[in-house]
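Down below is the structure, laid out as structure tokens.
Read-outs throughout are calculated quantities, based only on the coordinates presented, and are distinct from any laboratory measurement. This one's a predicted model, so the numbers in the text were calculated from it and none came from an experiment. Neighbour counts run over all protein chains shown; Cβ positions are idealised from the backbone, glycine included.
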Amino acid sequence: IFITDDPDASVIIPTLPGQRRWGVNKLEGFLGPLVQKGLASVILFGVPFKCEKDPRGTPADDPNGPVIQAIHKIKSLFPSLYIAC
């Protein structure tokens, strides 16, 4: 799942047909039906736009960054879902 730092985003990725960038506030609606169908794990890819990037990837573990926020949100909504980053 591509996670962006716009919490209300659901943006089509033109170069990846059928894929979107999701904001943390949209994850429940996106994942809920999939979890009900048996989804057991997800992998998160951060796509931050509102941070200063550096060669070391410093923003990757920012508590206010999109992936860390998404982890907390997903675990609160779907505690049995395995999350990889």
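Taken over the range 33-52, residues that are surrounded by 13 or more Cβ atoms within 10 Å (Cβ to Cβ) and in a loop (DSSP other than H, G, I, E, B) amount to 4.
Kindly evaluate PHE30 against the criterion of being assigned to a loop (DSSP other than H, G, I, E, B) and among the aromatic types (Phe, Trp, Tyr). Judged against the criteria, PHE30 is not a match. Against the list (1) of a type outside the set (Gly, Ala, Ser); (2) in contact with a His (Cβ under 9 Å, 6 or more places away or on another chain); (3) exposed (fewer than 11 other Cβ atoms within 10 Å of the Cβ), the condition VAL24 fails is (3). The condition (being farther than 13 Å from ILE3 by Cβ and touching an Asp or Glu at 6+ places or on another chain (Cβ under 8 Å)) is satisfied by just one residue among LEU77, LEU34, LEU39, LEU81: LEU77. For the range 53-81, residues that are among the polar types (S, T, N, Q), over 13 Å from the mean Cα position of the chain (by Cα) and not in a loop (DSSP other than H, G, I, E, B) total 2.
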